[in-house]
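Below is one structure, written out as structure tokens, with a few remarks after it.
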Amino acid sequence: MSGPSTFQPKNPVLKWIERRLPIFGLVHSSFVAYPTPRNLNYWWTFGGILSFMLGVQIVTGVILAMHYTPHADLAFNSVEAIVRDVDYGWLLRYLHSNGASMFFIAVYIHMLRGLYYGSYKEPREILWILGVIIYLLMMATGFMGYVLPWGQMSFWGATVITNLFSAIPYFGESIVTLLWGGYSVGNPTLNRFFSLHYLLPFVIAGVVVLHVWALHVAGQNNPAGVEPKSSKDTVPFTPYATIKDGFGLACFILFYFWFVFYIPNYLGDPDNYIPANPGVTPPHIVPEWYYLPFYAILRSIPDKLAGVVAMFSAILVLAFLPWLDSAKTRSMRYRPLAKQCFWIFVGVCLGLGYLGAKPPEGVYVIAGRILTACYFAYFLIVLPILSRIEKPRAVPNSIADDVLGKKKSVVASALAVIGVAGLLALDSGSTARASDHGSTPPSMSWSFAGPFGKFDQGQLQRGYKVYKEVCAACHSMNLVHYRNLTDPGGPGLSIAQAEALAAEIQVKDGPNDAGDMFERPGRIADKFPSPFPNENAARAANGGAAPPDLSLMAKARGYERGFPQFIFDAFTQFQEKGPNYIHALLTGFEDTPPEGFKLPDGSTYNRYFPGHAMKMPNVLSDDQVTYDDGAPQNVDQYAKDVAAFLMWAAEPKLEERKRLGFQVMIFMVILAGLLYFTKRAVWADAH
Amino acid sequence: MTTSSSAGQSRRDFLFVATGAVAAVGAAAAAWPLVAQLNPDASTVAAGAPIEVDLSPIAEGQDIKVFWRGKPIFISHRTKKQIEEARNVNVASLPDPQPDSARVKEGHDQWLVVIGICTHLGCVPIAHEGAYDGFFCPCHGSVYDTSGRIRQGPAPSNLPVPPYAFISDSKIKIG
Ligand code: FES
């Protein structure tokens, strides 16, 4: 993007256009002929990966917006309708929600790479500051996007984050009201968040253009941190960097798809599968994992205003980095002390992330304060001092020298990989679960677990029977329709069977031509009904606690898996928390509470329920539901069957997801392999 | 840069072509879900199931409009005179020749059921208007007769008859 292009088109049409709008020349000079340093390592690939992720987020986001309804009453169900009813809707939604996490993983690696190799130093200060602006915009976009599904975490996350502004002296309260467009987070808030969530990515794209422009003026930094001197130091962008980035990207996509197809809810919080309820706050509000370090800094400061200021400063301090670190040597490869401090800093960030997911009590608070101090000390004390006192080792004369005298910095790479794994591991959902759970539900073996897991049709049919004969007396299933019973990958009923089941219920319909409501037999397009006319009636009939809708129960319930178990969970694809919990709950009733436990009136003791006093009585008993397929008729079997059925109800497309996932993974492995060998063939010329 | 041997050259070409082809297949496959999502979703499809309409409240000479799959369906209870008019036409002279008998169900001549969408550009015609006592489309002046057949104006074909069946003498199922 710098200077007049050397691109000389031969084709007369291209020539004609080029004379009037030199766009081909721009593309040619920026992405084909552009000289890139020969010694770039794979950490440089993350720039390309980020462009790709921005594209993925915009494309999937534009499509999701075609199906989403930004209204407080409809948003939650519209997201569920996308996942359940739209062709490939589940795929698009999971690509988008996990895409946000991947975007942040890539941006953190990209930023740390910049920190390590001194990419912010002269003459790349503006490039770096534009990067900080992009990061801030990403945070705003990610936060507003998280609010849109209008689940419990969305709603309360929005409440908490907007309330940050109430810390501003004098005007705070009015600013918060202004942000909300009401007296609390509500429909106007959702509408404006949706509008901005759609707008900001395009603003990001605009700043990215500036970022890339600045990059092409200053030229890329490189691991040696010395500027290219001769043509021996560089290679043309295409094919060298293109193919290398292509291979890196393919590997990253494999990693991304592991989440999308096999553990799509791993990085999310189960609470967000509960519709927003302004009357109840979840026990622990945690942001998405990528904000946890900043959240920890916010909570470490025992003063509202100071906490908010500290949190924002933690990001803004990055913009001043080019002046805080005035060392002449760019790359920390040649700065032994700075290098050590850098890795300590990475550890501090991971630690802060871990603490952000923990409840703010006891030792966590103290640790949080220490790490917050370390975080700021790195920028404000360590780097300024080191840049004055440290004696760096000799840097290579040129990039060509660096390539020749290359030795692998295996240790650093390994450390960094561990760092990335650690970042991932900061799964907000599972670490921040309430600590007041009693026993941990035992892990059952489910037919739908694992990469090739499938629902057991017989089990789903039995589970439906248990739901219909027992659970349906109190619980609704508002997102499941009779037609779903015939869907592939479900209980596998025939249309006639589903019609017969639907016809058993009476549905209130209308108004008819005379303006009256009337009752008619159910059709397969109807959903599983609620036994109560409305929520208050449900409350009144159940001692004040409305029985929750069961459609999403298996996704909306979780329990703490603990460190390091939840790291292994990413590899084993464990995602059976919900069904385990449901089974445990249904079998965990005890007639006599343990010694010293005071059971409130109208409650039952349950070993696995948080707080143990459950409003729901023990509803299952042996031989209660008749099975015609010879399965044992006991509580344990009933609980297992109904838990499997609820898992299917929560994710009817589970089988389709795993099947498509397998095909896509095989394809990506082949593509990555081909890209690798092509890359080797291309680079064989360069050395 | 070193020059590579010709054997290396052809291996390289093969790699380029293979990688490019596989990547292109992947890109095409990735486009599939992006397009497929535009189709009607499962709840829309389910809502498009057949509907039943009770004809008993419709008096002779009256017509009603019901909706099926988002489209207006006109159900006319034709008078003797209207049926006569529909029959006494030289079918061959019509722009879209179709006898009246092909547009109603045998034994239920008095009931005309048509999709009320003008075959010109999709406006909704007005019943009981126009020179043929049938339907008149106000948008660009198409005139349909009492059998819903095009007689004048720019529309190219007759008002379509939706799939329907009599389940009793006074009840039809559309779809
Ligand atoms: S749309 Fe009816 S005449 Fe043109």
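A compact table of results
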read-out: Per-residue HN-Hα couplings for region A:648-660 [Karplus 6.51, -1.76, 1.60; θ = phi - 60°; Hz; x = Gly/Pro]; value: 4, 4, 6, 9, x, 9, 4, 5, 4, 4, 5, 5, 4
read-out: Accessible area of the protein assembly as shown divided out per residue, in Å², using a probe of 1.4 angstrom; value: 46 Å²
read-out: Debye log10 I(q)/I(0) at q = 0.15, 0.17, 0.19 Å⁻¹ for region A:532-635, Cα point scatterers; value: -0.87, -1.04, -1.15
read-out: Reachable lysines, given that their alpha-carbon falls under 16 Å from the alpha-carbon of A:Lys615 and they are not under 8 places away in the same chain; value: A:Lys598
read-out: 5 angstrom amide H check on A:Val235, placed H, neighbours 5+ away; value: A:Thr36, A:Arg38
read-out: Region A:262-392, Rg to Rh (Cα coordinates; Rh as Kirkwood inverse mean 1/r); value: 1.07
read-out: For B:Tyr164, net neighbour charge (Lys/Arg +1, Asp/Glu -1) across residues whose Cβ lies under 11 Å away; value: +2
read-out: From phi via Karplus (6.51, -1.76, 1.60), per-residue ³J(HN,Hα) for region A:460-475 in Hz, x at Gly/Pro; value: 5, 5, 5, x, 4, 4, 5, 4, 5, 8, 10, 5, 5, 5, 10, 9
read-out: A:Asp629 versus B:Val45: modelled label distance in nm, points set 7 Å from Cα along the beta carbon direction; value: 2.4 nm
read-out: Under-5 Å amide H pairs with B:Lys171, H placed in peptide plane, nonlocal only; value: B:Leu55
read-out: Given charges at beta-carbon only (K, R positive; D, E negative), |dipole| of the protein assembly as shown in Debye; value: 4240 debye
read-out: Positions from region A:477-506 whose accessible area shrinks by 20 Å² or more when the full protein complex is built, not the chain alone, probe 1.4 Å; value: A:Arg483
read-out: Inter-probe distance in nm under a simple model that places probes 7 Å from Cα toward Cβ, at A:Gln506 and A:Val160; value: 4.7 nm
read-out: For region A:511-524, Karplus couplings with θ = phi - 60° (6.51, -1.76, 1.60), whole Hz, Gly/Pro x; value: x, 8, 4, 7, x, 9, 7, 8, 9, 9, x, x, 10, 5
read-out: Chymotrypsin sites (Phe, Trp or Tyr not before Pro) lying in DSSP loop within region A:543-626, provided at most 12 other Cβ fall within 10 Å; value: A:Phe597
read-out: Apportionment of accessible area to carbon and sulfur, chain A, percent (1.4 Å); value: 65 percent
read-out: Solvent-free Debye scattering, log10 I(q)/I(0), computed from the Cα coordinates of the protein assembly as shown at q = 0.05 Å⁻¹; value: -0.39
read-out: Rounded to 10°, Cα long-axis angle of helix A:125-147 versus longest principal axis of chain A; value: 10 degrees
read-out: Label-point separation, A:Ile133 to A:Arg388 (7 Å along Cα→Cβ), nm; value: 3.2 nm
read-out: At most 14 other Cβ within 10 Å, DSSP loop - chymotrypsin sites (Phe, Trp or Tyr not before Pro), region A:235-300; value: none
read-out: Per-pair calculated FRET efficiency, R0 = 56 Å: B:Lys105 and A:Ile58 via Cβ, rounded to 0.05; value: 0.60
read-out: Angle in degrees between helix B:6-36 and the longest Cα principal axis of chain B, rounded to the nearest 10; value: 30 degrees
read-out: Chain A - percent relative contact order, Cα under 8 Å, separation 6 or more; value: 16 percent
read-out: Positions from region A:75-90 whose accessible area shrinks by 50 Å² or more when the full protein complex is built, not the chain alone, probe 1.4 Å; value: A:Asp85, A:Asp87, A:Tyr88
read-out: Those residues of region A:34-52 whose amide nitrogen sits under 19 Å from the label point placed on B:Phe16, 7 Å along Cα→Cβ; value: A:34
read-out: Protein accessible surface hidden between A and B, which excludes ligands and nucleic acids, total in Å², probe 1.4 Å; value: 2100 Å²
read-out: Estimated translational D of region B:46-174 in µm²/s (Stokes, Kirkwood radius over Cα pairs; 37 °C; 0.692 mPa s); value: 223 µm²/s
read-out: Two-site FRET efficiency, B:Ala23 against A:Val13, from Cβ-Cβ distance with R₀ of 25 Å, rounded to 0.05; value: 0.40
read-out: Long pairs among A:Lys577/A:Lys640; A:Lys244/A:Lys339; A:Lys508/B:Lys71; A:Lys468/A:Lys658; A:Lys465/A:Lys555; A:Lys508/B:Lys173, criterion Cα-Cα beyond 18 Å; value: A:Lys244/A:Lys339; A:Lys508/B:Lys71; A:Lys468/A:Lys658; A:Lys465/A:Lys555; A:Lys508/B:Lys173
read-out: Accessible surface of region B:46-174 [probe 1.4 Å, protein heavy atoms]: carbon and sulfur percent; value: 53 percent
read-out: Computed lengthening from A:Gln663 to A:Asn542, 0.36 nm per intervening residue step minus Cα-Cα distance; value: 38.8 nm
read-out: Angle in degrees between helix A:577-587 and the longest Cα principal axis of chain A, rounded to the nearest 10; value: 20 degrees
read-out: With at most 13 other Cβ atoms within 10 Å, longest stretch of chain A clear of loop GluC sites (Glu not before Pro) (DSSP); value: A:1-360
read-out: Complex-versus-alone comparison for region A:648-679, residues with a loss of 50 Å² or more in accessible area, probe 1.4 Å; value: A:Phe667, A:Leu674, A:Thr678
read-out: Loop-resident sites, region A:199-302, for trypsin sites (Lys or Arg not before Pro), counting at most 13 other Cβ within 10 Å (DSSP); value: A:Lys229
read-out: Local electrostatic count at A:Lys679 - Lys and Arg +1, Asp and Glu -1, tallied over other residues with Cβ under 12 Å; value: +1
read-out: Contact order relative to length of region B:28-144, as percent, for alpha carbon pairs under 8 angstrom and 6 or more apart; value: 16 percent
read-out: Computed E for A:Lys454/B:Asp54 - FRET, C-beta separation, R0 41 angstrom, nearest 0.05; value: 0.35
read-out: Net +/- balance of residues flanking B:Asp96 in space, Cβ distance below 10 Å, scoring K and R +1, D and E -1; value: +2
read-out: Whole-Å distance, taken between Cα centres, linking region A:330-366 and region A:529-598; value: 36 Å
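The values are calculated or read from the model by the stated rules, or taken from the named source; none is laboratory data. Not measured: the values here are computed from a predicted model. Note: ideal-geometry Cβ built from the backbone for every residue, glycine included; neighbour counts use all protein chains shown. Heavy atoms of the whole protein, side chains included, go into the accessibility calculation; ligands, DNA and RNA do not. Shrake-Rupley method; radii C 1.70, N 1.55, O 1.52, S 1.80 Å.
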